[in-house]
């Protein structure tokens with residue numbers, strides 16, 4: 001299996017622009033998680049899905065952030081409009097209810113908002 | 001408020017020695033605790049999970065203990081190697097949902113040759 005796939009790996013944009021991050025979970029996994037990692041705040045859970053349904057989005061920082069999972073093999077995290085404080089590494093992770101609570105992380109998208 | 005603390009931000013040890021990392025938590029009784037390894041520029045990789053009814057778990061040179069009375073987990077790497085150098089993160093489900101992990105800030109381990 002290729003593991004969790006994220007794109008793009010790096011994104012540089014200007015303040016006010018829309019940013020879309022993409023994730024393909026491991027095939028057969030029914031949980032998908034979006035995290036953000038910064039030096040100041042560490043690794044924070046933003047939102048997670050189970051069977052394509054958002055379960056908890058309490059970690060989403062504000063209305064500028066939105067996430068969707070239209071099918072079992074694809075999810076997006078969108079920031080509109082982006083701000084410099086959104087600069088971080090965004091990770092997608094997936095997991096399965098069968099194998100337990102382990103989460104498998106993608107390589108991350110490094111976002112820089114100028 | 002709920003909190004996870006990992007001991008020192010950085011730990012340097014000599015190759016061949018045992019590295020011991022600490023994870024402390026407050027105000028919660030998690031059903032399990034996980035340890036992950038993160039290398040620079042990469043996502044965290046799962047290492048071990050220990051449940052509240054387990055005192056100790058081992059995997060090759062790794063050993064994890066879980067003391068629910070002290071609210072502490074210890075993570076040991078025996079016979080450490082330079083390749084073990086990385087940041088190690090502990091993670092707990094502090095929501096009761098069994099899926100929402102809260103991560104500690106991590107301990108950066110450097111094994112010196």
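Read-outs: derived from the displayed coordinates by stated rules, not from any lab. For clarity, every value in this text was computed on a predicted model and none was experimentally measured.
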### Query
What Kirkwood radius, in Å to one decimal, follows from the Cα pairs of region B:13-78?
12.7 Å
### Summary
Kirkwood calc, region A:1-48, C-alpha pairs only, radius in angstrom 12.9 Å
### Query
Taking the Cα atoms of chain B, what is the range of coordinates along each of the three principal axes, in descending order and whole Å?
42, 29, 21
### Summary
Listed residues A:43, A:32, A:77; largest mean-square fluctuation, Gaussian network over chain A with Cα springs below 10 Å, found at A:43
#### Entry: Choice from A:83, A:18, A:101 showing the highest fluctuation, given a GNM over chain A with Cα pairs closer than 10 Å
A:101
## Note on the structure
chain A, Gaussian network, Cα under 10 Å: of A:85, A:36, A:22, the residue fluctuating most is A:85
### Message
Taking 2.2 N^0.38 Å as the expected size of a compact globular protein, what ratio does the Cα radius of gyration of the protein assembly as shown give against it, to two decimals?
### Response
1.02
### Query
Regarding chain A, what are the three Cα extents along the principal axes, ordered largest first, in Å?
42, 27, 26
### Query
What value does region A:48-97 have for Rg/Rh, both radii from Cα atoms and Rh as Kirkwood defines it?
0.97
### Task
May I ask you to work out the translational diffusion coefficient for region B:59-100 at 25 °C, viscosity 0.890 mPa s, via Stokes-Einstein with Rh from the Kirkwood sum over Cα pairs, reported in whole µm²/s?
196 µm²/s
